[in-house]
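Please treat every number below as a calculation from the coordinates, not as lab data. Treat the numbers as computed from the prediction; the structure is a model and nothing was measured. Counting neighbours? That spans all protein chains shown, and the Cβs are built from the backbone with ideal geometry, glycine included.
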Amino acid sequence: MRKFKAISLFCGCGGADLGLIGGFNYLDQNYPDNPFKIIHASDINAKAVETYNLNFEHKASIQDIHELDISNLKADVIIGGFPCQPFSTVNPTKTPSKKSNQLFWEMARVINDVKPSIFVAENVQGFYRLNNGFYFKLACNEFEKIGYQIFHKLLDTSEYGVPQKRKRIFIVGVRNDIKSLFEFPNPTHGEDSCLAEKVKLSEIIKDLWPKEEKYFFSKRAVEGVKKAKNNMKRAVAQDINGQCLTITSHLAKVSLNSRDPVLLVSKEKELYRRFTPQEAASIQSFPLNFRFHGSEGDSYRQIGNAISPVLMWHLSKSILKILKKEK
Ligand SMILES: C[S@@+](CC[C@H](N)C(=O)[O-])C[C@H]1O[C@@H](n2cnc3c(N)ncnc32)[C@H](O)[C@@H]1O
C-alpha cells in the first residue's frame, strides 16, 4: 500500500506523530495503522528527541527550526505544534509580541520550501484568543500568502474518547491547487445521544493511593494553602467521575498554589497528590508501552507539550480523505 510522506516539525516526544501513523492501543481500543511514513522529524530539545527515538522507527534529529533547511524533501503532509509558551494563559511571563517567540513564521517558511498538499499546525487556545486573535490572524495570513486555503477549529480531546478537557486550536492548510474542502473529525464522545459517553478519569486512576510517597504534597504545603487568602490560586482536586483538567507541561512543577489538576486522596487526612508521569501520559492518551527518556520532570514536560495521540489519530483520518481525493 502506498504510504503518504510526512514531515514532523517541533516533534517533541512524538504525540502527534504517534497519532498520525497509528498502530497503538489505548484503553482497550486499538487505533490501527494509517498509511503514513515519517521522513523527517526534528525538535530543539535533546531529551524529547531521545524519547522520540526510543519509540519510533524513523529517528528524529535535534535541530533549531531557524536553521532547518529541508527544501530538498518532498512530502504530502507537514505537522507541527509550534511552541505555545508565549501564548499560554498559564505562563504569561513571555512576550508574544517578540517576533522570535512567534515560530509560526519559521513553520510557514519550511512549508513554503516543501509545499506539501496539506499541513496541520496546533497551538493553545490563548494563541487563538490573545489580543482578539491578533497572532492567530497573523499566522493565517502568512499561511494564505504562501498558497494555502485555511481551515481552523478548536478541538477538545475529551470529545474523542480521552478523559481530559484539553482545547487546542488546529489550523489546517490545504494547498490552493487542491480543490477539496477539509472537514474536521466529528466528536465521537459527548452529551449527544448518538455519541458514546465521555470517558471518565476513573478509567485511568484506578487507585487514589500512589505506590510512592513522593507524589503526595507535604503537610506544610497543605497548611500553606489553607492559610492563603481567598483570592490566591489553588490547585484543583479532580473528580475522577469526570474528565481531568488540561495536563500541561507545568505539571513538572505542580504546586498547590496554582490552578493545576491534583488528586484528593483523603479528605479526612487532608492528603493531596500529584499525578504520576505514567498517569499523566495515560490522561494524554499515550499507550502504556510508550517510553519516556530523562528525569520525571522531563517526562511531565514532554507529556504536557504533546498533542494527544488519540485526537491526532482522528485528525489523520480527515487528512487522509484530502490526500486520497488528490491521488
Ligand atoms: C507543543 S511542543 C510539540 C509537541 C509535539 N507536537 C508532540 O505532539 O509531542 C513544541 C515543541 O517545540 C520545540 N521547540 C521550541 N523551540 C524550537 C526551535 N527553535 N526549533 C525547534 N523546535 C523547537 C520544543 O522543544 C517542543 O518540543
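Just check region 111-161 against the gyration tensor rule for me: Cα atoms, a ≥ b ≥ c as the square roots of the eigenvalues, rounded for a/c under 1.5, and otherwise prolate or oblate depending on whether a/b exceeds b/c.
On the way: a/c = 2.82, a/b = 1.31, b/c = 2.16.
Oblate, because a/c is 1.5 or more while a/b does not exceed b/c.
Could you compute the FRET efficiency for E144 and N230, with r as their C-beta to C-beta distance and R0 at 56 Å, rounded to 0.05?
On the way: r = 47 Å, r/R0 = 0.84.
Computed FRET efficiency for E144 and N230: 0.75.
In nm, give the distance between the simple-model label positions of E57 and E223, each being 7 Å from the Cα along the Cα-to-Cβ direction.
5.8
Check A60: other-chain or 5+ apart residues with amide H under 5 Å from its amide H, H built from backbone geometry?
Under 5 Å from the amide H of A60 lie the amide H atoms of N53, each far enough along the sequence or on another chain.
Using a Förster distance of 51 angstrom, determine the FRET efficiency expected from the C-beta separation of L271 and K325, and round it to 0.05. Could you put the intermediate results ahead of the total?
Details: r = 55 Å, r/R0 = 1.08.
Efficiency computed from Cβ-Cβ geometry: 0.40.
Can you pull out the GluC sites (Glu not before Pro) in region 1-101 whose DSSP state is coil and whose Cβ has at most 12 other Cβ atoms within 10 Å? Walk me through the intermediate numbers first.
Values: sites: E50, E57, E67; in loops: E57.
Taking region 1-101 and a limit of 12 other Cβ atoms within 10 Å, the loop GluC sites (Glu not before Pro) found are E57.
Only Cα pairs under 8 Å and at least 6 apart count here; give the relative contact order of region 201-282 as a rounded whole percent. Mind dumping the intermediate values first?
Details: 98 pairs, mean separation 30.2, N = 82.
Once divided by the residue count of region 201-282, the mean separation gives 37 percent.
Per residue of region 184-189, in order, report the coupling 6.51 cos²θ - 1.76 cosθ + 1.60 (Karplus, θ = phi - 60°) as ³J(HN,Hα) in whole Hz, putting x for Gly and Pro.
The phi angles translate into 5, x, 6, x, 9, 10 Hz.
Rounded to the nearest Å, what's the spacing between the alpha carbon centres of region 227-279 and region 102-174? Just the number, please.
Taking the Cα centre of region 102-174 as reference, the centre of region 227-279 is 30 Å away.
So between S180 and N101, what do we pick up on full extension, going 0.36 nm a residue minus the alpha carbon distance? Don't jump to the answer; show the numbers that get you there.
Numbers: separation 79, 0.36 × 79 = 28.44 nm, distance 3.28 nm.
Extra length from S180 to N101 when fully extended: 25.2 nm.
Taking 0.36 nm per intervening residue step and subtracting the Cα-Cα distance, what contour gain separates D64 from K115 on full extension?
16.4 nm
Can you run phi through the Karplus equation (6.51, -1.76, 1.60; θ = phi - 60°) for region 51-65 and list ³J(HN,Hα) in whole Hz, with x for Gly and Pro?
Calculated HN-Hα couplings, in order: 4, 3, 6, 6, 10, 10, 5, 6, 8, 8, 10, 8, 8, 7, 4 Hz.
Return the lysines within reach of K167: Cα separation strictly under 24 angstrom, same-chain partners fewer than 8 residues apart disregarded; answer none if there are no such residues.
K167 reaches K94, K137, K153, K198, K200, K233, K253, K317, K321.
Of the GluC sites (Glu not before Pro) in region 214-302, which ones lie in a loop per DSSP and count no more than 16 other C-beta atoms within 10 Å?
E268, E270
Report the FRET efficiency, 1/(1 + (r/R0)^6), for N289 and A196, where r is their Cβ-Cβ distance and R0 is 22 Å, rounded to 0.05.
Working: r = 24 Å, r/R0 = 1.11.
It comes out at approximately 0.35.
Over all distinct Cα pairs, what is the inverse of the mean 1/r for the chain, reported as the Kirkwood hydrodynamic radius in Å?
Details: mean 1/r = 0.0488 Å⁻¹.
Computed over the chain, the radius equals 20.5 Å.
Length gain on complete extension for the stretch R259 to N241, per 0.36 nm per residue less the alpha carbon to alpha carbon distance?
Working: separation 18, 0.36 × 18 = 6.48 nm, distance 1.93 nm.
Stretched fully, the R259-N241 segment lengthens by 4.6 nm.
Out of residues 5 or more away from Y26 or on other chains, whose amide H comes under 5 Å of its own, with H placed 1.01 Å from N in the peptide plane?
For Y26, the qualifying residues are Y31.
Please work out whether region 201-282 counts as rounded, prolate or oblate from its C-alpha gyration tensor, where a ≥ b ≥ c are the square roots of the eigenvalues and a/c under 1.5 means rounded, while otherwise a/b larger than b/c means prolate and anything else oblate?
Values: a/c = 1.63, a/b = 1.37, b/c = 1.19.
In terms of gyration-tensor shape, prolate.
Mind listing the long-range amide H neighbours of R166? Cut-off is under 5 Å, sequence gap 5 or more, other chains count too, H placed in the peptide plane at 1.01 Å from N.
Placed amide hydrogens put T157, S158 under 5 Å from R166.
In region 1-77, what trypsin sites (Lys or Arg not before Pro) fall in a loop by DSSP, with at most 16 other Cβ atoms inside 10 Å? All intermediate terms of the calculation are to be shown ahead of the outcome.
Working: sites: R2, K3, K5, K37, K47, K59, K74; in loops: R2, K3, K59, K74.
Hits after loop and neighbour filter: R2, K3, K59, K74.
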